[in-house]
Each structure stands twice: as structure tokens, then as C-alpha cells.
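> Pasting a structure below so you can have a look.
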Amino acid sequence: MTDRGEPIVEYISKNERMHVLPVKETVLSAMGCVSGGPLYDSILAEFDTLYERVKAALDVRCTIAAEESRIYVLITAGAQISELSDELFSVGEGLAGLIVNNCADDVLLEADKLCSERIKYYCAGKDLGISKRLDAPLDIPVSEQAVIVNNAPVEGVTITDAFMLNPVKSMGYELELTDDRSVFNAQHDCSKCPNTSCSRRSVSGAQFDIISDFDYNVSSANGVAIDIGTTTIAVMRFKNGKAAARKTELNAQRRFGADVLSRIDAANRGRGAELRSVVEYQIRKMINNVGGVGLPAVIAANTAMTSLYMGWDCTGLGKYPFKAHCLDTVQKDNITVTGGISAFVGGDITSGLYMCGFDESDEINLFVDLGTNGEMAIGNRHQILCTSTAAGPAFEGGRISCGTGAVEGAICSVDLKNNRFETIGNKLPCGICGSGITELVSELLDNGYCDSTGRFKERYSGGITLAEGVVFTQQDMREFQTAKAAVRAGIELLITEYGAEEQDIKHVYIAGGFGKRLNIEKACRIGLLPQRLRGRYRAVGNSSLGGAAKLLENIGGFCAIDRLKAASKDFSLAENPGFSDEFMKYMNF
């Protein structure tokens with residue numbers, strides 16, 4: 001075999017110009033536009049206006065190179081299409097920028113299919129097959145993209161210091177060759193792709209249905225309540241206190257990264273306008289979907305999502321000491337965006353605290369939002385202490401090999417002793433969601449599949465199969481343990497810092513879609529939640545959305561938000577010398 005980085009044996013195609021153009025129907029479909037929809041005509045007209053500029057800007061090229069046991073593929077849509085997109089975003093033409101982006105994505109995917117055909121003919125001639133496709137960062141590290149650029153050079157394509165392809169609208173991957181000519185796994189595997197909101201996703205799956213219920217009885221609200229989460233967006237329209245329509249979707253910004261830090265980094269590298277336009281367009285479309293155009297709306301979101309939606313400078317969010325550009329409650333057209341407390345405790349938490357009545361309570365209560373960012377607060381109307389811990393997306397199925405959100409078919413409850421599991425909607429299993437993972441881990445411990453460190457017994461080293469195509473691996477266990485330890489360490493240090501005794505805490509509100517389905521007994525069993533507070537836990541669902549709904553029907557609600565913010569103090573876990581010890585303590589079970 002040729003050493004990695006040495007000259008390639010042969011080129012299947014070298015710097016070949018590919019005559020690929022975007023297909024109107026595919027691009028519009030990728031943007032969620034269907035004929036007869038409320039935005040279809042305007043986006044269609046914009047597409048037609050831009051089409052000639054897009055054609056002129058596209059310069060689709062590819063190189064396919066082979067060595068003894070591997071093939072390298074590099075494809076680009078060219079620098080000019082990225083420059084056109086950047087130009088449109090920079091002058092506030094967000095919709096046009098999104099259309100150009102989707103056009104570039106469309107031609108890249110079509111070019112990839114053409115490359116696959118070329119590789120198929122090559123393999124047939126060599127009596128070889130393709131055993132595996134390796135995409136960064138899922139299968140190979142991002143740094144491997146430098147190897148691809150070196151071995152399959154395309155004119156104008158370079159690698160950045162962070163090992164990202166430049167121009168942005170480029171793609172590279174590696175293919176492993178095999179002597180088994182019957183195998184050809186050269187196509188992109190949608191089931192592995194982190195962009196689960198991609199409308200071109202070919203893997204079958206249920207309708208996304210993250211829980212938008214909350215523990216607050218709306219009585220008189222009129223308007224639209226919106227929760228912009230890192231993972232999901234939920235929109236509900238109310239009429240005279242009744243939920244008239246609702247819509248939930250994965251946050252389309254996930255293409256820039258699953259966590260807030262990835263998106264902040266993207267914004268600070270010049271893609272802020274694109275991020276803003278993506279979420280603005282998605283919110284506009286969802287409001288249309290629920291029939292809320294022209295109605296007053298309230299948005300609750302974490303500080304990063306708020307900053308990206310408003311188009312604010314995110315520089316301070318990406319580096320110590322982590323300061324937000326703005327934490328005020330603001331208005332944008334007929335939409336009010338709830339203010340936050342700190343860089344990592346945002347308007348979604350103030351909204352949740354408001355829904356749970358912290359602004360009126362004299363009792364000490366604990367609030368824990370078990371989402372991607374793990375925000376929590378303790379206190380009452382006089383004094384509140386808040387913090388945030390980087391739990392990551394494991395509670396919502398992220399970075400878990402067969403993880404999924406709360407969709408129909410997601411395994412949500414597990415009983416290993418009786419070899420049973422439940423799925424949402426009693427559908428065929430398509431993956432495992434956060435509540436299912438929590439129960440599974442508890443069951444693995446109780447039934448001897450792993451030890452107290454989370455290490456699988458030898459006979460389960462290949463993973464635990466729950467259903468066809470749904471496997472829980474050792475790496476999945478480590479991902480969950482990391483999230484669990486971060487949350488539990490945060491809870492313990494927050495209680496200690498506030499100075500509360502066990503008997504002082506009257507209620508523990510568990511917020512978030514994951515928390516709504518959570519088996520509290522098993523969550524305590526694995527150490528996610530403190531055993532000593534059993535009997536005081538109350539699942540309140542999507543409190544961010546619930547607080548937004550409560551604000552719609554209470555004129556003085558935003559004054560209450562201001563009082564909550566004034567009573568709140570942010571507590572940094574990163575600066576606490578005891579966090580590492582607590583984190584390591586709760587890694588084990």
C-alpha cells in the first residue's frame with residue numbers, strides 16, 4: 001500500500017469541470033417550500049431572479065484519485081458561489097443568500113452522484129468494491145481533510161488552519177477499497193449525517209415531535225409563543241387561551257454544529273448573517289404554518305440563539321469572560337424577545353422561571369432544564385443563583401450512535417429483565433431518545449451488563465442490541481456519563497453556593513422535553529438527580545414555551561421578567577475550583 005501523503009497511483013478524474021446546475025424543485029423543497037404554501041410564490045420569484053447569477057457563479061470541479069487501498073474525492077462548487085452568498089448576506093438579503101446556499105448544496109450532491117458513477121466504472125475495471133465511505137468528522141478526524149486536499153487537488157481549493165475546506169461549498173471524503181466487487185458503499189449515508197434537519201435526507205424516519213407541552217394552564221392568551229432551542233424550535237398559536245395550532249421542527253442551524261459553541265464560532269468566522277437568516281426564515285415559515293402572521297408573538301431562547309436571531313455581535317460569547325452583546329428584552333416588529341441573565345443563562349430560563357412562579361415565591365425552589373446546555377437555578381423572588389453546564393446533546397439523542405429526538409418510534413422506556421421496551425407512539429423502533437437512554441443505563445447497571453464505572457462486561461463489548469438497527473455502544477455510555485456528570489456536578493455546586501440545606505428546597509422543577517418523559521426513580525438511580533430530593537420533583541415540560549405563553553396573556557409579565565433578572569446572579573462553574581472533583585465523582589454510578 002502507498003504511504004499516506006505520497007504520490008497517488010492514478011487519477012480517475014483530475015480537476016474535471018462538471019456541468020451541473022441546481023434543480024428548482026429540489027432547491028425549493030430543501031427550503032421547505034411546497035406549491036400552495038404561504039411562502040412558495042415569493043421564494044419561487046426570488047429563485048428565478050437569482051438563477052442566472054447562480055449559473056454564472058458556479059464552477060463545479062472534482063478530482064478523484066486512487067491509491068492501492070483507498071480512493072480520495074474532492075468536489076467544489078467554486079469560490080464565486082460562496083462569495084455571492086456572502087455578498088447577499090452582508091447587504092441584508094438573507095432569503096437570497098439562503099437560496100444561493102441551497103443551490104450550491106444541490107449541485108454538490110449531484111456532482112457527488114456523478115463521481116460515484118465514475119468510481120463504479122473504475123472499480124468494475126479493477127475488479128474491486130467499496131467497503132466504506134469515510135466522511136469528516138464522523139468517520140475520520142477533520143484534520144484528514146488536509147490529506148484529501150493533498151492527494152486529490154482541485155484548482156482553487158485549499159485547507160484552513162482549522163482543517164476546513166475553502167471555499168466553504170466544497171466536500172471531500174475517502175473510500176476504502178475491498179476485493180469484494182459485490183460491495184459498493186460509496187454513497188453518502190444519511191443515517192450517519194449530523195444534519196438531521198436536511199430535507200434531502202433519504203433515511204426513513206418518523207415526524208419530529210419534540211414535546212411542546214408545559215405545566216401551565218393558559219386562560220386568555222392571544223398570539224404566538226415561540227421557543228428557539230439549540231436543538232429544536234417550537235411554535236404555538238393561541239386564541240382566547242386555547243392552543244389553536246402548533247409546529248415543532250429541528251433547528252435548521254444544526255448544519256453549523258449541534259451545540260451553541262460551534263454556532264458561535266461559525267458566527268465569529270463571518271457566517272453570522274447566514275445563521276441569522278436561517279433562523280429568521282425558519283421562524284417566519286413556522287409562524288405562517290400555524291396561521292400567526294400579524295399576531296403578537298413572544299420568543300424565548302438561550303442567549304446564543306437570541307443573539308443569532310437578532311444578528312448581534314457574538315464575539316463576546318466565544319471567549320472568556322463570556323459576555324453577551326445584549327441581555328435586554330427587545331422588540332422586533334410585532335415580536336418580543338425575552339431578556340436573559342448572562343451569556344449562558346438566557347431568556348429561555350427567565351421565561352421558565354416565570355412560568356414556575358419564581359417571581360412570586362418566598363420558598364426556595366430548584367429549576368433544572370435538561371437540554372443541550374444544562375441550565376439551572378435555585379432561589380425565590382428575593383434571590384436567585386443561576387448557572388449553566390455544558391451537558392452536550394446526549395439527553396436529546398445527539399452524539400449517540402442510534403440516538404434520536406422525541407420522534408414516533410424512538411425507544412423511550414426500557415425493561416431489560418423482561419426483554420421489553422416502549423416506543424413513542426408504539427411505532428417500530430427507529431432509535432433511542434434521552435429518556436430511553438436514561439432507563440437503559442439504569443437497567444444495564446441493575447442487570448449486570450456493566451460495572452459502576454460504566455464499563456461494559458466483555459461479552460457486551462460489541463454493544464447492546466435493543467432492536468434491529470438500534471445498538472447502544474460503549475462510546476454511547478461514555479457520552480451519556482459525561483452529560484450526566486456535568487449536570488449533577490452543577491446541581492450540587494449550585495446548592496452549596498446558594499447555601500441551601502436539603503430541607504430548604506421545597507420544589508424541584510425539571511424542564512425540557514427530555515425531562516417531561518424522564519423516569520425520576522431511574523434518573524436518581526444512576527446519579528443524574530439527587531436521591532435526597534425524591535418526592536419534590538415535578539416535570540414541567542417546555543417551560544420556555546410555557547413562559548412565553550404566560551407572557552402573552554399577562555401585560556405585567558415583562559416587568560416580572562425584569563424583577564427575576566434583577567434578583568438573579570450568575571455563578572460560573574468553569575471558575576469553581578471544585579467542579580473538576582465533582583464532575584469526576586459523578587462520572588461513575
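> Toward the positive end of the charge dipole of the chain, about the Cα centre and with charges on Cβ (Lys, Arg +1; Asp, Glu -1), which of Ser307, Asn166, Val183 goes farthest?
Of the options given, the answer is Ser307.
> Moving on. Pairs Lys24/Lys242; Lys285/Lys522; Lys247/Lys427: which exceed 31 Å Cα-Cα? Walk me through the numbers on the way to the answer.
Values: Lys24/Lys242 39 Å; Lys285/Lys522 39 Å; Lys247/Lys427 21 Å.
Where the Cα-Cα span goes over 31 Å, the pairs concerned are Lys24/Lys242; Lys285/Lys522.
> Follow-up. Remind me, relative contact order of the chain in percent, using alpha carbon pairs under 8 angstrom and six or more residues apart?
Values: 1265 pairs, mean separation 73.4, N = 589.
Relative contact order for the chain comes out at 12 percent.
> Which lysines have a Cα less than 25 Å from the Cα of Lys132, not counting those fewer than 8 places away in the same chain?
Straight-distance partners of Lys132: Lys14, Lys113, Lys120, Lys169, Lys192.
> Something else: Per-residue ellipticity at 222 nm for the chain, helices alone: DSSP H runs ≥ 4 residues times -39500 (n - 2.57), over residue total, nearest 500 deg cm²/dmol? Please report the intermediate quantities before stating the final value.
On the way: 16 runs with 198 residues, N = 589.
It comes out at -10500 deg cm²/dmol, rounded to the nearest 500.
> Taking the DSSP beta bridges in the stretch 212-363 as the whole, what percent of them are antiparallel, to the nearest 5? Display every interim value, and only then the final one.
Numbers: 17 of 25 bridges.
Percent antiparallel among DSSP bridges in the stretch 212-363 is about 70.
> Sticking with this one: Taking the Cα centre as origin and putting +1 on Lys and Arg beta-carbons and -1 on Asp and Glu beta-carbons, what dipole magnitude results for the stretch 468-587, to the nearest 20 debye? List each step's numbers first, then the result.
Values: 17 positive and 15 negative charges, 93 e Å.
The dipole magnitude comes to about 440 debye.
> Can you list which of the DSSP-assigned H helices in the chain have a Cα extent of 20 Å or more along the long axis and an average Kyte-Doolittle score of at least -1.0?
40-57, 94-126, 272-289, 474-498
> If you count only protein heavy atoms and use a 1.4 Å probe, how large is the accessible surface of Phe579, to the nearest 10 Å²?
The accessible area of Phe579 comes to roughly 40 Å².
> A further question on this structure: Top to bottom by accessible area (1.4 Å), largest first, where do Met305, Met164 land? Before the final figure, lay out each step's value.
Values: Met305 0, Met164 85 Å².
Largest accessible area first, the residues go Met164, Met305.
> Between the stretch 389-458 and the stretch 306-326, what is the separation of their alpha carbon centroids in Å?
34 Å
> Provide Phe583, Phe358 ordered by accessible surface of protein heavy atoms (probe 1.4 Å), highest first. Provide the component values of the computation, followed by the final result.
Working: Phe583 45, Phe358 0 Å².
Putting Phe583, Phe358 in descending order of accessible area: Phe583, Phe358.
> Still on this structure, I have one more. Rg (Å, one decimal) plus Dmax (Å, integer) for the alpha carbons of the stretch 437-515?
When restricted to the Cα atoms of the stretch 437-515, Rg and Dmax are 16.2, 49 Å.
> Same structure, new question: Looking at the stretch 81-170, which GluC sites (Glu not before Pro) are in a loop (DSSP not H, G, I, E or B) and have at most 15 other Cβ atoms within 10 Å? List each step's numbers first, then the result.
On the way: sites: Glu83, Glu87, Glu93, Glu110, Glu117, Glu144, Glu155; in loops: Glu93, Glu155.
Of the GluC sites (Glu not before Pro), the ones in loops of the stretch 81-170 whose Cβ has at most 15 other Cβ atoms within 10 Å are Glu155.
> Next question, about the same structure. Could you sort Lys247, Lys285, Lys242 by accessible area so the largest value comes first, with the probe set to 1.4 Å? Intermediate values should be presented prior to the final figure.
Working: Lys247 60, Lys285 30, Lys242 145 Å².
Most to least solvent-accessible, the answer reads Lys242, Lys247, Lys285.
> Could you give the spread of the C-alpha atoms of the chain along their three principal axes, from largest to smallest, in whole angstroms?
Principal-axis extents of the Cα atoms in the chain, largest first: 76, 60, 45 Å.
> A further question follows. When a/c is below 1.5 the answer is rounded, else prolate if a/b is larger than b/c, else oblate, so apply that to the stretch 93-174 with a ≥ b ≥ c taken from the square roots of the Cα gyration tensor eigenvalues.
Oblate, because a/c is 1.5 or more while a/b does not exceed b/c.
> Suppose R0 equals 41 Å. What FRET efficiency, 1/(1 + (r/R0)^6) with r the Cβ-Cβ distance, do Lys417 and Val330 give to the nearest 0.05? Before the final figure, lay out each step's value.
Details: r = 53 Å, r/R0 = 1.29.
The value I calculate is 0.20.
> Between Asp48 and Lys323, how many nm apart are label points set 7 Å from Cα along the C-beta direction?
In this crude label model, Asp48 to Lys323 measures out at 5.0 nm.
> Each residue of the stretch 448-453 in order: what ³J(HN,Hα) in whole Hz does its phi give by Karplus 6.51 cos²θ - 1.76 cosθ + 1.60, θ = phi - 60°, with x for Gly and Pro?
Per residue, the Karplus-derived 3J(HN,Hα) values read x, 6, 8, 9, 5, 8 Hz.
> Considering only DSSP beta bridges where both residues belong to the chain, give the percentage that are antiparallel (nearest 5). Can you show the working numbers first?
Values: 63 of 88 bridges.
Once the DSSP bridges in the chain are tallied, antiparallel ones form about 70 percent.
> Can you grab the distance from the C-alpha centre of the stretch 267-281 to the C-alpha centre of the stretch 102-179, Å, no decimals?
Each part's Cα centre sits 26 Å from the other's.
> Rounding to the nearest 20 debye, state how big the charge dipole of the stretch 206-346 is about its Cα centre with +1 on each Lys and Arg Cβ and -1 on each Asp and Glu Cβ. It would help to have the intermediate numbers written out before the result.
Working: 16 positive and 12 negative charges, 59 e Å.
That gives a dipole near 280 debye.
The values are calculated or read from the model by the stated rules, or taken from the named source; none is laboratory data. Small disclaimer: the values here were computed from a predicted structure and weren't measured. Using ideal geometry, Cβ is built from the backbone for each residue, glycine included, and neighbour counts are taken over all protein chains shown. With ligands, DNA and RNA removed, areas are computed over all heavy atoms of the protein, side chains included. Shrake-Rupley method; radii C 1.70, N 1.55, O 1.52, S 1.80 Å.
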